[in-house]
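The block underneath contains the structure these notes are about, expressed in structure tokens.
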Amino acid sequence: HGRGHAPLFFEGRMFVEGLDALRAVDAYNGRNLWEFKLPGVQTAFNADHLAGTAVTGSNFCVAQSGVYVHDKLRCYRLDPANGEKLGEFGAPATADGQAGQWGYVACDGKLLFGSLANADHKVRYAYVRADMSDLWGESQTFFVMDALTGRPLWRFDAEHSIRNNAIAIGPGRVFLIDRPIDLI
């Protein structure tokens, strides 16, 4: 993969994303525990390029309340122990009422943080020829949902664009930069 999604560790399990699924394995012996199918989820990362998650950020995260993974259209809440789907959250609509697509995702156990990808921003730098048109590193909206129900809590619609890898979340605060789209 061209800078694919890094594995995550939580309570003795390692969560690893392949081209078509998210899998949990026993972190101590490597035994497969479960797999959640996500056909084509890493297609854009299956190329020789230097961008990948360094630009887009990961599409999955883990917290006490679940493993959250999105395929751009929906974010799935999975039970970390058995992979059972506990919830499915669509992306909110854009500021102009169009269907949105997930970009950034993070969770603190109670709050699910996400963004609506800005498909106008295309990553262009590649070591060799690679199609990076689906690697979206910027977002037009940042939002917060209840991590258990997916109920929207609040949102911030950018005047310009939010770079996914410049979002920082701390206790009671979110920091981000709203600036003109980067043309690198």
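Might you tell me the accessible area per residue for the chain, computed with a 1.4 Å probe and given in Å²?
Per residue, the chain has an accessible area of 52 Å².
As an exercise, take the mean of 1/r over every pair of distinct alpha carbons in the stretch 139-184, invert it, and state the Kirkwood radius in angstroms. Computed over the stretch 139-184, the radius equals 11.7 Å.
Can you check how the C-alpha radius of gyration of the stretch 1-59 compares to 2.2 N^0.38 Å, as a plain ratio?
1.16
Scaling the Cα radius of gyration of the stretch 31-118 by the globular reference 2.2 N^0.38 Å produces a ratio of 1.14. Roll a 1.4 angstrom probe over the protein heavy atoms and tell me the percent of accessible area of the chain that is carbon or sulfur. Answer for the chain: carbon and sulfur cover 52 percent of the accessible area. Gyration tensor over the Cα atoms of the chain: the corresponding equivalent ellipsoid has semi-axes (square roots of 5 times the eigenvalues, largest first) of 25, 21, 14 Å. Between the stretch 87-101 and the stretch 150-173, the alpha-carbon centres lie 15 Å apart. Sequence-distant contacts, meaning Cα pairs under 8 Å at least 6 residues apart, place the relative contact order of the chain at 16 percent. Bridgeable aspartates and glutamates around residue 110 (alpha carbons under 16 Å apart, same-chain partners fewer than 8 residues away excluded): 79, 88, 146.
The values are calculated or read from the model by the stated rules, or taken from the named source; none is laboratory data. All figures in this text were calculated on a predicted structure; none of them were measured in a lab. Accessible surface areas use protein heavy atoms only, side chains included; no ligands, DNA or RNA. Shrake-Rupley method; radii C 1.70, N 1.55, O 1.52, S 1.80 Å.
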